[in-house]
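Here's the structure, in structure tokens; my notes come after.
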Amino acid sequence: MTFHSLDARELAKRRLRQAIVASLVIHVLVLFWPGPPRVLTKDTPSVLHATLRSPQPTELALAKPPARAVSPAPTPAPTSVPSAPKVLKPEPSTLEQARPPSVPQTPAVPAESVAKPATGPAPAPAAVATSAPAGPAGSTSGVLLTETNASGETVDSLRVYRMAVAVQARRFKRYPAQAMASGWEGSADIRLEVGSDGRPRAASVVRSSGHELLDRAALTMIDAGALRARLPDTLRGKAFAVVLPVFFNLDDE
């Protein structure tokens, strides 16, 4: 069978229209046809429908917090300032009015300026003599020579005398029995002064050993050694002082 080309074209168009109409009908039936309830599973995506709407004026008024009334701050009451008392100037006396203007008036000097001394730099204090005048022979008043303030041959003589006293004092060293029993040890610095007459004075403790019993023993041995030590010729007629350390150690006894 042979068809004309125009008939074939019209037939194809007609079939295409039928297919489109059938497709539309099927889609409408699928979308709007009531079917069985849809079962949601964990793989089924959830659909959330939201609608946006503008808030009403009444809702805005309810949501806005009410304005808090602020009470005005109290105005402080003005304080009254007492007025300064008026100073009444005395009227010039008759004598002042009669005084001729050619005589200059002498200004009165206030009493405070007369009573108070003039304020100014205080006068420098008088220099104090560092050395006291030498006393009579045999006294230790004045400046004593020591190894710190002496110089030259005098320093060597002081050291020689200190060693001589130490050698003689060892002969009289006695370790107190009570101190040995108690296990007391320590060292004391004893100061010995000698007058210009060459006689030693009583020794004194410069630094304590920590035990009074040991300090007394040190003073006794230094006094005994000073009486037997030879005085160098360069120190005769001079007042001086030396310091001797005394050690008390149980291991040396």
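Just one of the numbered conditions (1) touching a His at 6+ places or on another chain (Cβ under 9 Å); (2) modelled with pLDDT of 95 or more is not true of Asp223: (1).
Conditions (1) modelled with pLDDT of 95 or more; (2) closer than 20 Å to Val143 by Cβ; (3) polar (S, T, N, Q), marked per residue:
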| residue | (1), (2), (3) |
| --- | --- |
| Asp197 | no, yes, no |
| Val206 | yes, yes, no |
| Ala217 | yes, no, no |
| Val246 | yes, no, no |
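Return yes when Ser182 is under 26 Å from Thr148 (Cβ atoms) and hydroxyl-bearing (Ser, Thr, Tyr) and no when it is not.
On the way: under 26 Å from Thr148 (Cβ atoms): no; hydroxyl-bearing (Ser, Thr, Tyr): yes.
No: the conditions fail for Ser182.
Would you mention how many residues in region 194-224 are closer than 19 Å to Thr146 by Cα and surrounded by 16 or more Cβ atoms within 10 Å (Cβ to Cβ)? Matching residues across region 194-224 total 9. Residues in region 162-198 that are among the small types (Gly, Ala, Ser) and without any contact (Cβ under 8 Å) to a residue 40 or more places away in the chain: Ala177, Ala181, Ser182, Gly198.
The values are calculated or read from the model by the stated rules, or taken from the named source; none is laboratory data. Keep in mind it's a predicted model, so treat the numbers as computed, not measured. With ideal geometry, Cβ positions are generated from the backbone for all residues, glycine too; neighbour counts draw on all protein chains shown.
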